[in-house]
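*Asks:* Let me begin by handing over the structure; questions about it come next.
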Amino acid sequence: MAVPDGYPARVRIHEVGPRDGLQNEPEVVPVAVKAEFVHRLADAGLTTIEATSFVHPKWVPQLADAEELFPLLRDLDGVRLPVLVPNERGLDRALALGAREVAVFASATESFARANLNRTVDESLVMFTPVVARAIDAEVPVRGYLSMCFGDPWEGEVPVAQVVRVARRLVDLGCAELSLGDTIGVATPGRVTELLTALNEAGVPDDRLAVHFHDTYGQALANTLTALRHGVTTVDASAGGLGGCPFAGSATGNLATEDLLWMLDGLGVETGVDLGRLVATSRWLADHLGRPSPSRTVRALSPSPTQE
């Protein structure tokens, strides 16, 4: 079918399930299961899969096995495997294992910067400066995550100008891409348009932007449609709708990759991802986690117990 006017012909899905999706799981997922999860996602057609994070194990115990996991993914030719690095030590660990893309994570608000990084916003940007510079010197592109772009559990609604200031700083540091995080899921289409327009006016084009929505109020797909019509073509999503943030208790699951894919397929927008294989992957992981997938599409396309 022809893509409706105003929508892109193709969208790149930035799959965050193995990192953002699993990071808040209470029971440690075995490294073999994580490796198979990434391989299954790649087999479904996803070409950008955020594999893990090189944070200190004390802060995110679920991802303490990064050094063990990453070598198990070396056979995935043609798949981008970005990893999260919080500081120079994390960058050293990632580069030593051959990581070819990294990401840093900043906050638009002081409260979340303190909770997540134990620093002020400006102090965190100072910390990221050598990380980004060294990565660029090593010809490793850097993605910048910006959390709390629409609302903060401690500070409430976040002013657009405040978000633009930090976003502009990350771009000026050298981040090739900026992912705008609706960390607690309070964004609405009007606020998405307002922020994207302000970023464009500040010299940050749509092709440098990605969107990362959580579905607390059921607005993630509506917000994504708004971003696509504005010109953004990279969307973060988590297989099965897994995720949340260990440092923001009100953050619910990420936008489910299957729900996003169902919508994009219905628009005729190309992604290169096979929905059936992806649903099977999320059902497989849900079995390992011992609970049903939060994704509406996974539930709708899965047989009921009486049918199996």
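The values are calculated or read from the model by the stated rules, or taken from the named source; none is laboratory data. Note that the structure is a prediction, hence the values are computed from the model and not measured. When we count neighbours, we look across all protein chains shown, and the Cβ atoms used for this are built from the backbone with ideal geometry, even at glycine. Accessible surface is based on the protein model in full, side chains and every heavy atom, while ligands, DNA and RNA are left aside. Shrake-Rupley method; radii C 1.70, N 1.55, O 1.52, S 1.80 Å.
*Asks:* Quick check: anything in the range 46-56 within 15 Å of the chain's Cα centre (by Cα) and in contact (Cβ under 8 Å) with a residue 60 or more places away in the chain? Steps first, please.
*Replies:* Restricting attention to the range 46-56, the residues satisfying the condition of being within 15 Å of the chain's Cα centre (by Cα) are 46-53.
Still in the list and also in contact (Cβ under 8 Å) with a residue 60 or more places away in the chain: 46-47.
Yes, because at least one residue in the range 46-56 is within 15 Å of the chain's Cα centre (by Cα) and in contact (Cβ under 8 Å) with a residue 60 or more places away in the chain.
Yes/no matrix, rows are residues, columns are (1) out of contact with any Asp or Glu (no Cβ under 7 Å at 6 or more places or on another chain); (2) at pLDDT 95 or above; (3) hydroxyl-bearing (Ser, Thr, Tyr); (4) on the phi > 0 side of the Ramachandran plot:
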position: GLN62; (1), (2), (3), (4): no, no, no, no
position: ASP65; (1), (2), (3), (4): yes, yes, no, no
position: PRO82; (1), (2), (3), (4): no, yes, no, no
position: THR109; (1), (2), (3), (4): no, yes, yes, no
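*Asks:* Then there's this: Check GLY181, GLY218 and return the single one that is out of contact with any helix residue (DSSP H, G or I) (no Cβ under 9 Å at 6 or more places or on another chain), closer than 24 Å to VAL83 by Cβ and not polar (S, T, N, Q).
*Replies:* None of the others qualify; the one that does is GLY181.
*Asks:* If you don't mind, another one. Return a yes/no flag: does the range 34-41 have any residue that is more than 20 Å from ARG283 (Cβ to Cβ) and β-branched (Val, Ile, Thr).
*Replies:* Initial filter on the range 34-41 (more than 20 Å from ARG283 (Cβ to Cβ)): none.
No, that holds for no residue.
*Asks:* Only residues in the range 145-167 that are on the phi > 0 side of the Ramachandran plot count as the first member; pair them with residues that are at pLDDT 95 or above, Cβ under 6 angstrom, at least 6 apart or cross-chain, and list the lot.
*Replies:* The qualifying pairs are MET148/SER107; MET148/ALA108; MET148/THR109; MET148/VAL158.
*Asks:* Looking at LEU125, LEU81 in this structure, which one is open to solvent by less than 70 Å² (accessible area, probe 1.4 Å) and over 30 Å from GLU36 (Cα atoms)?
*Replies:* It is LEU125.
*Asks:* Please verify whether the range 253-264 includes one or more residues that are without any contact (Cβ under 8 Å) to a residue 12 or more places away in the chain and closer than 19 Å to PHE213 by Cβ.
*Replies:* no
*Asks:* Still on this structure, I have one more. So which residues in the range 260-269 are touching a helix residue (DSSP H, G or I) at 6+ places or on another chain (Cβ under 8 Å) and either of a type in the set (Gly, Ala, Ser) or open to solvent by 50 Å² or more (accessible area, probe 1.4 Å) (or both), if there are any at all?
*Replies:* Listed by number, the residues that qualify are TRP262, ASP265.
*Asks:* Another one. Looking only at the range 57-89, which residues are assigned to a helix (DSSP H, G or I) and without any contact (Cβ under 8 Å) to a residue 40 or more places away in the chain?
*Replies:* Hits for the range 57-89 are PRO61, ALA66, GLU67, GLU68, LEU69, PHE70, PRO71, LEU73, ARG89.
*Asks:* I'm checking my understanding of the structure. Among residues of the range 1-56 that are among the basic types (Lys, Arg) and touching a strand residue (DSSP E or B) at 6+ places or on another chain (Cβ under 9 Å), which one is surrounded by the fewest Cβ atoms within 10 Å (Cβ to Cβ)?
*Replies:* ARG10
*Asks:* When the range 270-291 is examined, which residues are found to be surrounded by 14 or more Cβ atoms within 10 Å (Cβ to Cβ), free of Cβ contacts under 8 Å to residues at least 40 places away in the same chain and part of a loop (DSSP other than H, G, I, E, B)?
*Replies:* Hits for the range 270-291: nothing passes.
*Asks:* Restricting to the range 184-208, count the residues that are over 24 Å from GLY156 (Cα atoms) and touching a Gly at 6+ places or on another chain (Cβ under 7 Å).
*Replies:* The total comes to 1.
*Asks:* Counting only residues that are open to solvent by 40 Å² or more (accessible area, probe 1.4 Å), closer than 15 Å to LEU260 by Cβ and not charged (D, E, K, R), how many does the range 188-221 have?
*Replies:* Residues that pass the stated criteria total 3.
*Asks:* Shifting gears a bit: Run ALA113 past the list (1) in contact with a helix residue (DSSP H, G or I) (Cβ under 8 Å, 6 or more places away or on another chain); (2) crowded, with 17+ Cβ neighbours inside 10 Å; (3) touching a residue at least 24 places away in the same chain (Cβ under 8 Å) and report the number of the one that doesn't hold.
*Replies:* Condition (3) is where ALA113 drops out.
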